[in-house]
Amino acid sequence: MIEEAALSLEHSQTRKSDAQREHEQTCARVASRFGERWLRIYAWRKLRSDPIFPAAFELLANSTQPLVDVGCGVGLLAFYLRERNFRPPISGFDCDRRKIERASAAAKGRYCDLDFREQDVCDPIGPRGNVVLFDLLHYLSPNEQSRLLERLAAQLAPGGLLMIRDCPRERGARFWLTQLAERFAQVTTWNVKGPLHFPTREQIFATFAPEKFAGTLRPLWGRTPFNNHLFVFRRHAAEAVLARAGHSDNL
Ligand SMILES: C[S@@+](CC[C@H](N)C(=O)[O-])C[C@H]1O[C@@H](n2cnc3c(N)ncnc32)[C@H](O)[C@@H]1O
């Protein structure tokens, strides 16, 4: 009995270290795609230290729907997913031309079905599919945030996923440290300048009525001192919506 438990523990540790090795090799491959040394170092550090990339992979790995990356930056998520054999088309949108140019250059001749476009995400977004918004919302005003979420939620297919990674506004050291770090990053890096509007959890959930979406929220700060959380909303299948409507009619 004890031997079996030890063997199963060893087996699960081996599986875990295989997954970790695959993740690290993926991070190194993605980083090597960029032309500039500083960007290779940034990409490698960001991919290795931020738990959002493997978390997104876990959630999307079995989906065949296209992916829309809203506020895609230099395309790290798209490259990470491709390197882990995620096949569906990916469209990335960002208003920063410098980032879109770098993402497009890194993708050229290496990956299929990746499309990076310079666009303000407050304007309508054409492609449909699963949607991610990682570290984007707080750059938009509260009205822009709710309009964007409403538009994206309305476009989501039955069974489709919308993931938001952001830092909800709330009391506590983690929130204040995130805000401080973001302000510092605005001064010292190429992040968008302007006021920051961190939404509350309630503001994010407000767009996703439980009759239409299953929503979950979990902390996703890894080893950082920040208040990053992952919100995941999945649109119910059409039958589930009808069943719920029927159920509430009968109440
Ligand atoms: C902190 S970066 C996150 C990049 C990427 N999602 C990631 O996790 O690596 C936020 C991105 O949102 C973009 N952004 C901010 N406001 C935007 C807007 N109104 N339209 C399009 N992109 C926007 C910025 O240019 C920036 O690339």
For Trp44, what accessible area in Å² do you get when you roll a 1.4 Å probe over the heavy atoms of the protein chains, rounding to the nearest 10?
-> 110
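About its Cα centre, how strong a charge dipole does the stretch 2-249 have in debye, to the nearest 20, once Lys and Arg get +1 and Asp and Glu get -1 at the Cβ? Could the numbers behind the result be given before it?
Working: 36 positive and 29 negative charges, 142 e Å.
Charge dipole of the stretch 2-249: 680 debye, to the nearest 20.
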Solvent-accessible area of Val187 with every protein chain in place, 1.4 Å probe, in Å² to the nearest 10 = 120
If you rank Tyr80, Tyr42 by how much accessible surface each has, with a 1.4 Å probe, what is the order from largest down?
-> Tyr42, Tyr80
In the P(r) worked out for the stretch 2-249, what percent of Cα pairs fall beyond 31 Å?
-> 26
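If you restrict to DSSP beta bridges whose two residues both lie in the chain, what percentage is antiparallel, to the nearest 5? Let's see the in-between values first.
Details: 13 of 29 bridges.
Counting only bridges with both partners in the chain, antiparallel ones make up about 45 percent.
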Stretchable slack from Glu22 to Lys193, in nm (0.36 nm times residue separation minus alpha-carbon distance) = 58.0 nm
Could you sort Glu83, Glu101 by accessible area so the largest value comes first, with the probe set to 1.4 Å?
-> Glu101, Glu83
Determine the per residue accessible area of the stretch 2-249 with all protein chains present and a 1.4 angstrom probe, expressed in square angstrom.
-> 54
Roughly how many nanometres apart are two label points built 7 Å out from the Cα toward the Cβ at Ala214 and Arg117?
-> 3.1
Determine which aspartates and glutamates satisfy two conditions relative to Lys108: a Cα distance under 19 Å, and not lying fewer than 8 residues away in the same chain.
-> Glu36, Asp69, Glu83, Asp94, Asp96, Glu118
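Extension gain Leu39-Thr200, at 0.36 nm per residue separation less the Cα-Cα distance, in nm? Intermediate results must be reported in sequence, preceding the final value.
Values: separation 161, 0.36 × 161 = 57.96 nm, distance 3.20 nm.
Once the chain is fully extended between Leu39 and Thr200, it gains 54.8 nm.
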Per principal axis, descending, Cα span of the stretch 78-177 in whole Å = 46, 33, 26
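Evaluate the relative contact order of the chain (contact order divided by residue number), counting alpha-carbon pairs under 8 angstrom at least 6 apart; express in whole percent. Present the calculation step by step, with values, prior to reporting the outcome.
Values: 353 pairs, mean separation 39.6, N = 251.
Value for the chain: 16 percent.
The values are calculated or read from the model by the stated rules, or taken from the named source; none is laboratory data. From a predicted model like this one, the values you see are computed outputs, not experimental measurements. As a convention, Cβ positions derive from the backbone with ideal geometry for all residues, glycine included, and neighbour counts pool all protein chains shown. Just the protein is used for accessible areas: all its heavy atoms, side chains included, with ligands, DNA and RNA removed. Shrake-Rupley method; radii C 1.70, N 1.55, O 1.52, S 1.80 Å.
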